[in-house]
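The values are calculated or read from the model by the stated rules, or taken from the named source; none is laboratory data. All values reported here derive from a predicted model rather than from experimental measurement. Note that each Cβ is placed from the backbone with ideal geometry, even for glycine, and that neighbours are counted across all protein chains shown. Just the protein is used for accessible areas: all its heavy atoms, side chains included, with ligands, DNA and RNA removed. Shrake-Rupley method; radii C 1.70, N 1.55, O 1.52, S 1.80 Å.
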Amino acid sequence: MFQPMYRPRRLRANENIRRMVRETKLSPDDFIYPLFVTHGKGVKKEISSMPGNFQQSIENIVKDCEEVQGLGIPAVLLFGIPEHKDEVGSEAYSDEGIVQHAIKAIKNKLPELIVITDVCLCEYTSHGHCGVIKNNTVQNDATLELLAKEALSHARAGADMVAPSDMMDGRVGAIRHTLDSEGFSDTPIMSYAAKYASSFYGPFREAAESTPQFGDRRSYQMDAPNSREALREVALDVDEGADIVMVKPALAYLDIIYQVKQQFNLPVAAYNVSGEFSMIKAAAKLGWIDGERAMMESLIAMKRAGADIILTYFAKEAAVLLNK
Ligand code: PBG
């Protein structure tokens, strides 16, 4: 009878030996936790499609941030829900905007926590697109000015890092130029470098109230079948001054994460988006999968593919397990 010489099972016999040969490890250090800040007082409104995630007013956001810091998670990502939307997303770059106020409140209480802001117009525009509209199309260069103003007002409010998610051409360069000329040359940019037009953003649009009122985002976000184009997008952002490059979504784009990690020497972030979170939550609720195991398995997959940083709604839950 044939007897194998090398038996991989020897190194799988028990948990301790598996721990010894484990190639990839997760840590709370890897995570960024997204938060949705809204006007008002005492607001904590659960997002129905994202159980455990809330639209919260500033004092509740600060409490949540204390919990995040206590769990050893180094950073949060802020999304704002404005009081009024208009054609040009004015509240996005108002120094009195909701995100600007939230940054100050968080940094005041928790100076060490890294506060990153999502820089985009879609939550703030009445039409829900990520840029200004003329003749029913999103205007690239006119949008750049507003994005740069938004990033600057976040930096002025005390943001530690800005993260443009709009996918306009040239926005990293425009933001870098403005930040540098206004005295914020030390503020890093994490660019949503390869961001695909994805159905997996569905639950987020409920959370951020940012569904486009006409058309879709396919004229600016990337087309799913393309991978070489993702490398061109990343190269552009690197040239324009990005400090961290992100691939988004994560699970259906692990090949992109892998390629970006192989080809570029910057830290790579993966955005484990709302739909990826909600699918696991929904299936677990139905008893169809083990939610905790599916969460850890998908997070480790992103890390194994090459992500140095993972933006995830699972950050707190996963950190609790990892801290045990
Ligand atoms: C804003 C933005 C979106 C997400 C992050 N920033 C939505 C979109 O592009 O439609 C998605 C995040 C998620 O689904 O978790 N441009």
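Quick notes
- Scanning the stretch 231-280 for residues that are farther than 21 Å from Asp30 by Cα and within 16 Å of the ligand (Cβ to nearest atom) yields Glu233, Asp237, Met279.
- Just one residue in the set Ala155, Ala163, Ala148 is hydrophobic (A, V, I, L, M, F, W, C) and in contact (Cβ under 8 Å) with a residue 60 or more places away in the chain; that residue is Ala163.
- Looking across Ser48, Ser94, one residue alone is open to solvent by 30 Å² or more (accessible area, probe 1.4 Å) and under 28 Å from Val320 (Cβ atoms). It is Ser48.
- Residue in the stretch 122-140 that is part of a loop (DSSP other than H, G, I, E, B), within 16 Å of the ligand (Cβ to nearest atom), touching a strand residue (DSSP E or B) at 6+ places or on another chain (Cβ under 8 Å) and among the hydroxyl-bearing types (Ser, Thr, Tyr) present: yes
- Unmet criterion (only one of (1) surrounded by 14 or more Cβ atoms within 10 Å (Cβ to Cβ); (2) not in a loop (DSSP other than H, G, I, E, B)) for Lys63: (1)
- Matching residues, the stretch 234-275, being of a type in the set (Gly, Ala, Ser) and either over 20 Å from Ser198 (Cα atoms) or open to solvent by 50 Å² or more (accessible area, probe 1.4 Å) (or both): Ala235, Gly241, Ala242, Ala252
- Residues (open to solvent by less than 10 Å² (accessible area, probe 1.4 Å) and at pLDDT 95 or above) located in the stretch 203-216: none
- Criterion (free of Cβ contacts under 8 Å to residues at least 12 places away in the same chain and among the hydrophobic types (A, V, I, L, M, F, W, C)) met by exactly one of Ile280, Ile289: Ile289
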